[in-house]
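Throughout, read-outs are computed from the coordinates displayed, never taken from laboratory work. Just so we're clear, the structure is a prediction, and the values are computed from it rather than from any experiment. For neighbour counting, all protein chains shown are included, and Cβ atoms are generated from backbone atoms with ideal geometry for every residue, glycine included.
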């Protein structure tokens, strides 16, 4: 029996691409500890070790196949939707849904991406203030 393909052309097969030296791949494999909040067959959600808000979670695919959100959306829109869906589930479970929360994909150096394994930040727990203010402008406020 062959691999199933969805209507969008995506494979239903589990992608287990890992990259040596990627901290998120190591977390997904269990070789680096993390405070895991939730996982599915294809995603893992854990607490950020350097939180930027009272609640700061990272939702990652368990594959290293995509470096950023644009690659993920083009290569596997179903998995991109799964990350967004999981972000909503964990935000609700963390009690963030009523007051609101922020979801952020950083793409590239200028955006502050430091790990090139696509990941979705879920932030909340306090008012988050303005978004998109350049770092040098924010320092002068």
Once both label points are put 7 Å beyond Cα along the C-beta direction, the residue 29-residue 71 separation in nm becomes 1.7
Full-extension gain between residue 107 and residue 39, please, as 0.36 nm times their residue separation minus the C-alpha to C-alpha distance.
22.2 nm
Can you tell me which of 92-104, 48-60 comes out highest on packing, and rank the rest after it, using the mean Cβ neighbours within 10 Å?
48-60, 92-104
Residue 49 paired with residue 114, simple spin-label distance in nm, labels 7 Å along Cα-to-beta-carbon:
1.0
Under a plain spin-label model, where a point goes 7 Å from the Cα along Cα-to-Cβ, how far apart in nm are residue 99 and residue 128?
1.3
